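**Student:** Attaching a single structure in structure tokens format; questions to follow.
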Amino acid sequence: MIRAALVTVLLAGPATAQSVAPSFDCARGDSDAETAICTHDGLAEMDNELSRLYGLAMAGLTADTPRHDALRQSERDWVRDRRDCWRASIGLETCVANAYAMRIHDLREGYAGARSDDAAGISTGPVAWACDGLDALVSAVFVNGSQPMVSLRWLDRQMALPGVPSGSGAKYASDLWDGGPSLFWIHGNEALFAPPGGAEMTCHQEPVG
């Protein structure tokens, strides 16, 4: 089942054998979310990637301008929201992973500076997909760490899906979003996309530029 695959992906490896340090000092962690990040390599990788992208985005903006200040405030707001993941019905680690994937999407889509050094990181995108029957493009950002994820945004909706085992292509799936099972399965320049509880749609990657 998808749920079992999701847990395997997000919680792979013993919590006591972390080999990746996050961007912050774990000795000073002050929330359940930070404790989770400090005990799971996949979450620590995403934390490092977000820190890298945030630094690039800030460096690409003129200091003390409204957009610079807005980015700094949005990061503070995001950290506050991440702290509340202990309340999530889907589980702390899954909530934290989803939060990172979607925040990485925000930075990569909203700030050119965040896309200026992709060779140094683990995220790519955004990539636009045109899906049959959907009157909007789907924007996809990929986090290609030890626990792969994709963040998808279309119309006024956004969700993150974990990578799951696949015989071919890159497959992301979950049954934890409201509405039912969700799927994004890529084969070359085509993909199958099923929003929560919706029918599968065939999508084609849009040309860059």
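The values are calculated or read from the model by the stated rules, or taken from the named source; none is laboratory data. Source: prediction; values computed, not measured. Cβ: placed from backbone, ideal geometry, glycine included. Neighbour counts: every protein chain shown.
**Student:** Scanning the stretch 48-88 for residues that are of a type outside the set (D, E, K, R) and within 14 Å of residue 33 (Cα to Cα), which turns out surrounded by the most Cβ atoms within 10 Å (Cβ to Cβ)? Walk me through it before giving the result.
**Tutor:** Applying the first criterion (of a type outside the set (D, E, K, R)) to the stretch 48-88 yields 48, 50-51, 53-63, 65-66, 68, 70-71, 73-74, 78-79, 85-86, 88.
Narrowing the set further to residues that are within 14 Å of residue 33 (Cα to Cα) leaves 78-79, 85-86, 88.
Working: 78: 18, 79: 14, 85: 21, 86: 15, 88: 16.
The qualifying residue surrounded by the most Cβ atoms within 10 Å (Cβ to Cβ) is 85.
**Student:** Every residue in the stretch 32-47 that is β-branched (Val, Ile, Thr), surrounded by fewer than 23 Cβ atoms within 10 Å (Cβ to Cβ) and within 11 Å of residue 20 (Cβ to Cβ), please.
**Tutor:** Listed by number, the list holds a single entry, 39.
**Student:** Okay, moving on. What pairs can you find where one residue is in the stretch 83-95 and more than 18 Å from residue 46 (Cα to Cα) and of a type in the set (Gly, Ala, Ser), the other is modelled with pLDDT of 95 or more and crowded, with 17+ Cβ neighbours inside 10 Å, and their Cβ atoms are less than 9 Å apart, with a gap of 6+ or different chains?
**Tutor:** Going by the 9 Å Cβ cut-off, the qualifying pairs are 88/94; 88/95; 88/96; 88/98; 89/95.
**Student:** Is it true that some residue in the stretch 188-208 is in contact with a strand residue (DSSP E or B) (Cβ under 8 Å, 6 or more places away or on another chain), crowded, with 19+ Cβ neighbours inside 10 Å and polar (S, T, N, Q)?
**Tutor:** Within the stretch 188-208 (the criterion being in contact with a strand residue (DSSP E or B) (Cβ under 8 Å, 6 or more places away or on another chain), crowded, with 19+ Cβ neighbours inside 10 Å and polar (S, T, N, Q)), the answer is no, since none of the residues qualifies.
**Student:** A follow-up question, please. How about the stretch 105-144: which of its residues are crowded, with 21+ Cβ neighbours inside 10 Å and either closer than 17 Å to residue 174 by Cβ or without any contact (Cβ under 8 Å) to a residue 40 or more places away in the chain (or both)?
**Tutor:** 105, 106, 138, 140, 141, 142, 143, listed by residue number.
**Student:** I need the full set of residues from the stretch 150-170 which are under 21 Å from residue 43 (Cβ atoms) and surrounded by 15 or more Cβ atoms within 10 Å (Cβ to Cβ), in order please.
**Tutor:** If the condition is that a residue be under 21 Å from residue 43 (Cβ atoms) and surrounded by 15 or more Cβ atoms within 10 Å (Cβ to Cβ), then 150, 151, 152, 158, 159, 160, 161, 162, 163, 164, 170 are the ones that fit.
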